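J.: First the structure, which I've put down as structure tokens, then a few questions once you've had a look.
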Amino acid sequence: MYGWNPPEEHFKEYQLQIEHLIWAEARLAVRAGRDVILDFGFWTRESRDEARNRVRSIGATAKFYAVSCPRRTMRARTLERSKRPATDSLWIDGAAFDKLMAAFEPMQDDEAFVRIDGTK
């Protein structure tokens, strides 16, 4: 909707608009008896708790997956992917990666989730 490299000053606004559209579609799919996979990242406990509540409010059950691998591997993969960005992906340079990772809150033991080894 907003290209592969939206201006940082509009990023949050665009993100919220896209999330609103995705949640609306997810609600319709659940009401039609379909399973839905949401790939927002859910980088904070607050965002995961909010998602759990929203999913519960539409009569579904949330299931979270945590893909784990060393930070240096994530960074290398991200920077490599950004060398050849697709028109439907977000371009992330080293500074953006570091800024995003500073806001990341890993899943906690009291959160139900499935851990996936992302090193392979």
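J.: Within the stretch 85-109, track down each residue that is more than 20 Å from PHE42 (Cα to Cα) and of a type in the set (Ser, Thr, Tyr).
T.: THR87
J.: If I ask for residues that are closer than 20 Å to THR73 by Cα and surrounded by 13 or more Cβ atoms within 10 Å (Cβ to Cβ), which ones from the stretch 92-118 would you list?
T.: Once the filter is applied, which keeps residues that are closer than 20 Å to THR73 by Cα and surrounded by 13 or more Cβ atoms within 10 Å (Cβ to Cβ), the stretch 92-118 yields ILE92, ALA96, PHE97, LEU100, MET101, MET107, GLY118.
J.: Of all residues in the stretch 1-57, which are farther than 17 Å from MET107 by Cβ and among the aromatic types (Phe, Trp, Tyr)?
T.: Once the filter is applied, which keeps residues that are farther than 17 Å from MET107 by Cβ and among the aromatic types (Phe, Trp, Tyr), the stretch 1-57 yields TYR2, TRP4, PHE11, TYR14, TRP23.
J.: Also: How many of the residues in the stretch 20-32 are at pLDDT below 90 and either within 17 Å of the chain's Cα centre (by Cα) or exposed (fewer than 11 other Cβ atoms within 10 Å of the Cβ) (or both)?
T.: Adding up the residues that qualify gives 0.
J.: Considering only the stretch 21-44, state which residues are assigned to a helix (DSSP H, G or I) and farther than 18 Å from LEU90 by Cβ.
T.: TRP23, ALA24, GLU25, ALA26, ARG27, LEU28, ALA29, VAL30, ARG31 - these are the residues of the stretch 21-44 that are assigned to a helix (DSSP H, G or I) and farther than 18 Å from LEU90 by Cβ.
J.: Quickly run through the stretch 69-84 and pick out the residues that are assigned to a helix (DSSP H, G or I) and either exposed (fewer than 13 other Cβ atoms within 10 Å of the Cβ) or not β-branched (Val, Ile, Thr) (or both).
T.: Residues satisfying the conditions are ARG71, ARG72, THR73, MET74, ARG75, ALA76, ARG77, LEU79, GLU80, ARG81, SER82, LYS83.
J.: Hey, another quick one. Among the numbered criteria (1) at pLDDT below 90; (2) of a type in the set (A, V, I, L, M); (3) in a strand (DSSP E or B), which single criterion is violated by ALA66?
T.: Only one criterion in (1) at pLDDT below 90; (2) of a type in the set (A, V, I, L, M); (3) in a strand (DSSP E or B) is unmet by ALA66, namely (1).
J.: While we're looking at this one, here's another question. Under 7 Å by Cβ, and 6 or more places apart or on different chains, what pairs join a residue from the stretch 7-30 that is closer than 18 Å to ILE58 by Cβ with one that is small (Gly, Ala, Ser)?
T.: From the stretch 7-30, the pairs are VAL30/GLY59; VAL30/ALA60.
J.: Here are some conditions: (1) assigned to a loop (DSSP other than H, G, I, E, B); (2) out of contact with any helix residue (DSSP H, G or I) (no Cβ under 7 Å at 6 or more places or on another chain); (3) farther than 18 Å from LYS12 by Cα; (4) charged (D, E, K, R). GLU111 meets all but one. Which one does it not meet?
T.: Failing condition for GLU111: (2).
The rows are residues; the columns are (1) part of a helix (DSSP H, G or I); (2) modelled with pLDDT under 90; (3) not aromatic (Phe, Trp, Tyr).
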| residue | (1), (2), (3) |
| --- | --- |
| GLU46 | yes, no, yes |
| GLY59 | no, yes, yes |
| ALA86 | no, yes, yes |
| ASP98 | yes, no, yes |
| MET107 | no, no, yes |
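J.: Of all residues being among the charged types (D, E, K, R) and over 16 Å from GLY41 (Cβ atoms) in the stretch 72-84, which is modelled with the highest pLDDT? Just the residue, please.
T.: ARG72
The values are calculated or read from the model by the stated rules, or taken from the named source; none is laboratory data. It should be emphasised that the depicted structure is a prediction, and the values quoted were computed from it without experimental measurement. Here Cβ is always computed from backbone atoms with ideal geometry, including for glycine, and neighbour counts include all displayed protein chains.
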